[in-house]
Amino acid sequence: MNEAAIARINELYHKSKAEGLTEAEKQEQALLRREYIAAIRMNIRSQLDQIDIVEKDGTIVNLGEKYDRQKGN
């Protein structure tokens with residue numbers, strides 16, 4: 001997600017509070033918000049994939065792999 005898209009999300013938010021949005025702007029806002037959330041999830045997934053936990057028994061478990069197994073992916 002680039003800075004221009006984030007700026008547009010903020011612009012639409014402020015416009016919605018000040019005067020309201022048209023249907024097209026509401027749809028654009030919803031799309032941009034979904035893209036923003038997807039980018040955050042991808043970033044968190046990337047961070048989880050880099051974290052290893054040492055269990056009490058000495059085994060090393062990668063959080064990304066552990067999360068994938070729990071979700072059945």
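The values are calculated or read from the model by the stated rules, or taken from the named source; none is laboratory data. As the structure is a prediction and not an experimental result, all values here were calculated from the model. Neighbour counts run over all protein chains shown; Cβ positions are idealised from the backbone, glycine included.
Do we have Ile53 as of a type in the set (A, V, I, L, M, F, W, C) and not in a helix (DSSP H, G or I) here? Before you say what the answer is, go through the steps one by one.
Working: of a type in the set (A, V, I, L, M, F, W, C): yes; not in a helix (DSSP H, G or I): yes.
When the stated conditions are applied, Ile53 passes them.
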So, first residue touching a residue at least 12 places away in the same chain (Cβ under 8 Å) in segment 13-30, second residue surrounded by 10 or more Cβ atoms within 10 Å (Cβ to Cβ) and in a loop (DSSP other than H, G, I, E, B), Cβ within less than 8 Å, six or more apart or across chains; the pairs are Gln29/Leu21
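Taking the residues in segment 37-73 that are of a type in the set (Asp, Glu) and at pLDDT 90 or above as candidates, determine which candidate is surrounded by the fewest Cβ atoms within 10 Å (Cβ to Cβ).
That would be Asp57.
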Per the filter on segment 18-29, residues surrounded by 11 or more Cβ atoms within 10 Å (Cβ to Cβ) and assigned to a helix (DSSP H, G or I) are Glu25, Lys26, Gln27, Glu28, Gln29
